[in-house]
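Every read-out reported here was derived from the displayed coordinates using simple, explicitly stated rules and does not represent laboratory data. Since we're looking at a predicted model, the values are computed, not measured. Cβ coordinates were reconstructed from backbone atoms using ideal geometry, including for glycine residues, and neighbour counts include every protein chain displayed.
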Amino acid sequence: MIFTPVNKPAKPPIKNVILAITGGIAAYKSAFLARLLIKSGFKVRVIMTEGAQAFVTPLTLQALTGNEVHTELLDESAETGMGHIELAKWADLMVIAPASANTLARLAMGMADDLLATVCLATAAPVMVVPAMNQQMWAHPAVQLNTQTLGDLGYTLIEPARGEQACGDVGAGRLPEPEVLLEQVLHFATRQSQPQILAGKQVTITAGPTIEAIDPVRYLSNHSTGKMGFALARACRDAGAEVTLIVGGKVNLPTPFGVTREEVLSANDMLQAATESAESGCDIFIATAAVADYRTRDAAPQKIKKTQESMTLELVKNPDILATISQEYPEIFMVGFAAETQDVEKYARSKLAAKQLDMIACNDVSRSDIGFASDDNAMTVFFANQYKKQPVPLEKASKDNIAQRLVTLISDTLS
Ligand code: PMT
């Protein structure tokens, strides 16, 4: 028999979310998730299985969501207001968190033996399933088989997190933290409602500063925080691209959900990671990293003692990552950034030509309200001659907003 996915994509935008909670110690985290979903602007209705009510009371969820909690399939009072069919129709998205092993099995079988399972069959909304259980149970072939079946049926599976479990075991099976789950829901909602203008594209982005060792305790670096590169990673991901983010230095930002992050330190490390990424298939390369132009000729193997009144460091030039990738992989669409403090247009145009780029986004890093470390940026984008495009100014806005507009420009230029 051929199973066709039963959960057709919901129509954008996603506003109404059913949060379904099953029996497990992680059920308490769902109360936090309900709160975060509401704070993010979603309308939330909660379904709780009998098992879930052993861990958290419906009253808690009712107080948090401001809505009656649904627990019974055959509940006369619910049937008059919002029965299982109305509930199924109301939802734009259903999130089952935590999903117990028992629930996975029931959904994989297509059973309709309680409200949760019945709504899953009756809804046309997409269903995200977040399994959470003891690590040994999660590893069991029957549970894995049911999970795979749910994937085949069109459910969206969220991998459980690894770590210490309530029972004392260590391994995979923890419910991800509510903030992480919220990010996944937001990502899912954005993808549903946003045109996938980079669908099928592989994008590599460099971000942050590089660190060039002087000795084991000291280094040369700069003020880049990685914010611009991370914003671009989110924007490319939301536009449907598969994103690899090569992060230099000591960037302390959370990895955007769904993005592959690679940590490097120096310019040489970054070049190696960039080359590997280009080699393994890359359509668009975006260089937001503030790469140190020079490194010490030889980093001292031991801490340098401060015995002299003055000292001289001999610096040698670092490889130019952007220019190297552009030269060696001419098929990749190359987007550079230019950090300038004066004669912005002149320097941007000369970098565009010298590094053989398709586009360059030029920001004025002498301003304290944009550029390095700020949450905002402003820039002018210049294009290679063959595109015959006038420079496009992107007026001051959040780095996320600037990144989204850059992604649109990239997509327009590519097509
Ligand atoms: O990280 P944030 O705090 O959010 O700050 C963002 C930013 C200001 C760092 C960013 O918007 C920015 O301007 N990045 C480019 C910084 C830079 O090094 O510019 P540049 O003009 O020196 O270099 C030109 C281009 O060549 C850049 O794309 C750079 O990544 C690349 N380059 C430079 C030198 C080198 N050895 N290898 C490179 O790939």
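A compact table of results
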| read-out | value |
| --- | --- |
| Magnitude of the charge dipole, the stretch 16-193, Cβ model with Lys/Arg +1 and Asp/Glu -1, debye to 20 | 480 debye |
| Cα centre as origin, Lys/Arg/Asp/Glu Cβ charges: the chain dipole, Debye | 720 debye |
| The chain - Debye-derived log10 I(q)/I(0), Cα point model, q = 0.12, 0.13, 0.14 Å⁻¹ | -0.99, -1.08, -1.15 |
| Anisotropy class of the stretch 258-415 from Cα gyration tensor, a/c 1.5 cut | prolate |
| The chain: most fluctuating residue of Ser30, Ser221, Ser40 per GNM, C-alpha cutoff 10 Å | Ser40 |
| Radius of gyration and Dmax over the Cα atoms of the stretch 16-193, both given in Å | 15.0, 46 |
| Mean residue ellipticity (222 nm) of the chain, computed from DSSP H runs ≥ 4 via -39,500 (n - 2.57), nearest 500 | -10500 deg cm²/dmol |
| Ranking of Trp90, Trp138 by count of other Cβ atoms within 10 Å, fewest first | Trp90, Trp138 |
| Within a Gaussian network of the chain (alpha carbon springs, distance under 10 Å), most fluctuating of Leu61, Leu352, Leu73 | Leu73 |
| Selected from Lys201, Lys399, Lys39 as most flexible by GNM, with the chain as the system and alpha-carbon contacts under 10 Å | Lys39 |
| Beta bridges per DSSP with both ends in the chain, % antiparallel, nearest 5 | 30 percent |
| Computed label-point distance, nm, for sites Leu313 and Gln342 using a 7 Å Cα→Cβ extension | 2.4 nm |
| Estimated inter-spin distance, Arg35 and Glu263, nm [label 7 Å along Cα→Cβ] | 3.0 nm |
| Alpha carbon centroid spacing (whole Å) that separates the stretch 279-351 from the stretch 15-43 | 45 Å |
| Those lysines that a straight Cα-Cα span of less than 29 Å connects to Lys306, excepting residues fewer than 8 apart in one chain | Lys250, Lys317 |
| Coil-residue trypsin sites (Lys or Arg not before Pro) of the stretch 257-310, DSSP, other Cβ within 10 Å capped at 16 | Arg297, Lys303, Lys305, Lys306 |
| Relative contact order for the chain, counting Cα pairs under 8 Å that sit 6 or more residues apart, in percent | 12 percent |
| Average silhouette area of the stretch 314-384, convex hull of alpha-carbon atoms, in square nanometres | 5.9 nm² |
| Fully extended contour minus Cα-Cα distance, from Ser280 to Ile25, at 0.36 nm per residue | 87.6 nm |
